[in-house]
Amino acid sequence: MKRKFKFMAMAAMTATLVFFASCDKNDDEKQPSVLERDYFTVQNATIHQGAIPQLSSAGAFNNVTINRNVLPGGSSFVSLNSAEQISEIYVSVDGINEYFRCVPNVNATQTQSMTMQSATNVAQFVILFSQNLSQSFTIQISALLSNGSLTQLYTAPLTFVNAGTGALQVSLSFDNDKDVDLYVVQPDDEVIYYS
């Protein structure tokens, strides 16, 4: 009887050890995708596996505004201009089989000309670049329009800017003619600024 009890106790202990060894504490944690880990995330977007949705011959964006220089840990405000209202936006990197899907902030404005009146739809979203970013890449953007059609794929080369890192890193990049001042307040309330 003692022998049988010892055997059952050893079997139970072995089963318990096997169970705990197979349960990694990271099992419940979501592992980042290649896009998230090495390139960027899109604010308020979901990640999907597969090729970015696109049509080879369809409507295109009238204009895309994006900063072509990217900093690790930085961000970029992207603006898409289209004749049709944009329902969804898809964003990826050339050569990566994943894409982000987001519902954009959309503003419809009326543009008046001497001969006609036309509607312009502006959709906006924010890209947050990974701290692991270490190379230039080609971004891909397409959209689902309110009429149910997909746009052609918009591509643009984005240039990696190595800004260095340290205990404190403050990097600023912008791509238009603005007067931008960067102020940093230290924990001791001393202000670091342009002068």
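The values are calculated or read from the model by the stated rules, or taken from the named source; none is laboratory data. Because the structure is a prediction, the values reported are computed rather than measured. Ideal geometry is used to build each Cβ from the backbone, glycine not excepted, and the neighbour counts take in all protein chains shown. Remember, those area values only see protein heavy atoms, side chains included, never the ligands or the DNA or RNA. Shrake-Rupley method; radii C 1.70, N 1.55, O 1.52, S 1.80 Å.
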Item to check | The lone exception for Gly166 - which of (1) at pLDDT 90 or above; (2) part of a loop (DSSP other than H, G, I, E, B); (3) out of contact with any Pro (no Cβ under 7 Å at 6 or more places or on another chain) it fails | outcome: (1)
Next on the checklist: Filter the stretch 171-195 down to the residues that are more than 25 Å from Ile127 (Cα to Cα) and not polar (S, T, N, Q) and list them by number.
Outcome noted: Val185, Pro187, Asp188, Asp189, Glu190, Val191, Ile192, Tyr193, Tyr194
Checklist entry - On the given criteria, is Thr65 β-branched (Val, Ile, Thr), modelled with pLDDT of 90 or more, more than 13 Å from Phe129 (Cα to Cα) and touching a Ser or Thr at 6+ places or on another chain (Cβ under 9 Å)? => result yes
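Do we find that Ala143 is crowded, with 18+ Cβ neighbours inside 10 Å and either in contact with a strand residue (DSSP E or B) (Cβ under 9 Å, 6 or more places away or on another chain) or among the small types (Gly, Ala, Ser) (or both) in this structure?
Taking the combined requirement at face value, the residue satisfies it.
Listed here are the residues, each with its yes/no results for (1) under 14 Å from Ile139 (Cα atoms); (2) open to solvent by less than 40 Å² (accessible area, probe 1.4 Å).
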| position | (1), (2) |
| --- | --- |
| Ala60 | no, no |
| Gly73 | no, no |
| Val93 | yes, yes |
| Asn97 | yes, no |
Checklist entry - Can you name every residue in the stretch 61-92 that is touching an Asp or Glu at 6+ places or on another chain (Cβ under 9 Å) and assigned to a loop (DSSP other than H, G, I, E, B)? => result Ile66, Asn67, Arg68
Checklist entry - From the set of residues in the stretch 16-60 that are in a helix (DSSP H, G or I) and at pLDDT below 85, which is nearest to Thr151 (Cα to Cα)? => result Ser22
